[in-house]
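All of the numbers you see were taken from the coordinates with simple rules; none came from a lab. Remember, predicted model here, so these are calculated numbers, not experimental data. In this analysis, Cβ positions are derived from the backbone assuming ideal geometry, glycine residues included, and neighbour counts consider all displayed protein chains.
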Amino acid sequence: MKMLTTLFWTLAALAAGYLLIFLLLYLFQSYLIFHPVSDLPYTPEFMGLKYEDVTFESEDGVRLHGWYVPHENSRGTVLFQHGNAGNISGRLETIELLNRIGLNVFIYDYRGYGQSEGAPSETGAYKDAMAAWRYLTEERDIPADEIILMGRSLGGAITGWLANRVTPVAVILESTFISAPDLAADLYPIFPTRMMVKYDFPNKRYIRNIQVPILVAHSTEDDLIPYSHGRRLFELANEPKTFFTMQGDHGNGFLETGSAYIRAIDNFISGVLETKRIKNKQKEQ
């Protein structure tokens, strides 16, 4: 009898702990998805780059902040959507890398991040992405077919959403996921996460509708978003498409992959621009 009582209370304690963790995950999931930081300790100037401090507004009046980093002999412009943690000041290596291969870079903070106003949300992030696109195409008069959309991690899903509504010259999705519920199911398999996740970010749906060249990059050693997510997104993507396998963990894969990463991005963009040049020439004839 004593053994049964002990077993009962042990199971009850485990059940209570399970329910408590489940409740905390449900109530505080926004903090698991969004990790904004306000302070901007560094600017592109730290990397020796000239830049413009940019402010613009989303359709609902939220004031957003970003950096426009020009290249003297630019061959295109990258609109970069970053991941869920920190802010644009933590992406200086990426800015420098893209600028080094002849690209203007426009990077901005979602609402609630860095110097951008408001509080983070899924719908808000989508509005911010569209506002960034309109800033480039309307205020800077950059043609849509000279803009490359690029998103890393959470930014990949935001990029996928935007690429369903505008027509850039190409799309790059790096270290991103199939959808928020699918990722949660992989990270927390003992919980009914698909039922509890309040966020969607359905990149697997977005990628099916992208009709421009796409590069999907993912690391086999990614310690946050499984490599299988990148492979699945690539399978769902339309041609023409390219897959690049990176090395290293989730946060530093592009750095740990090194020169091979730079070549992959450069070769993809060069191929896209050459195809565009040939098509334009054929139209003129």
- When only residues in the range 84-104 that are of a type in the set (A, V, I, L, M, F, W, C) and in a loop (DSSP other than H, G, I, E, B) count, which is farthest from the chain's Cα centre (by Cα)? I101
- Quickly run through the range 103-114 and pick out the residues that are of a type outside the set (S, T, Y) and in contact with a Gly (Cβ under 9 Å, 6 or more places away or on another chain). L103, N104, F106, I107, D109, R111, G112, G114
- From the residues in the range 143-155 that are of a type outside the set (A, V, I, L, M, F, W, C) and assigned to a strand (DSSP E or B), which one is nearest to I210 (Cα to Cα)? G151
- Given the conditions (1) free of Cβ contacts under 8 Å to residues at least 60 places away in the same chain; (2) farther than 25 Å from L40 by Cβ, every one holds for A125 apart from (2)
- Query: Do we have any residue at all in the range 211-220 that's more than 24 Å from A144 (Cα to Cα) and surrounded by fewer than 23 Cβ atoms within 10 Å (Cβ to Cβ)?
  - Reply: yes
- All positions within the range 229-285 that are hydroxyl-bearing (S, T, Y), assigned to a helix (DSSP H, G or I) and surrounded by fewer than 19 Cβ atoms within 10 Å (Cβ to Cβ): S259, S270, T275
- Task: State whether the residues of the range 181-199 include one that is surrounded by fewer than 24 Cβ atoms within 10 Å (Cβ to Cβ), closer than 19 Å to G271 by Cα, touching a helix residue (DSSP H, G or I) at 6+ places or on another chain (Cβ under 8 Å) and free of Cβ contacts under 8 Å to residues at least 60 places away in the same chain.
- Result: no
- Item | Selection from the range 82-107 of residues that are within 17 Å of I269 (Cβ to Cβ) and polar (S, T, N, Q) | T94, N99, N104
- Filtering the range 51-66 for residues that are surrounded by fewer than 16 Cβ atoms within 10 Å (Cβ to Cβ), out of contact with any strand residue (DSSP E or B) (no Cβ under 6 Å at 6 or more places or on another chain) and in contact (Cβ under 8 Å) with a residue 60 or more places away in the chain leaves a count of 2
- Item | Residues satisfying the stated conditions in the range 67-94, i.e. aliphatic (A, V, I, L, M) and surrounded by fewer than 23 Cβ atoms within 10 Å (Cβ to Cβ) | A85, L92
- Looking for whichever is assigned to a helix (DSSP H, G or I), surrounded by 21 or more Cβ atoms within 10 Å (Cβ to Cβ), in contact (Cβ under 8 Å) with a residue 24 or more places away in the chain and touching a strand residue (DSSP E or B) at 6+ places or on another chain (Cβ under 8 Å) here; the options are I172, I107, I158. Which one fits? I158
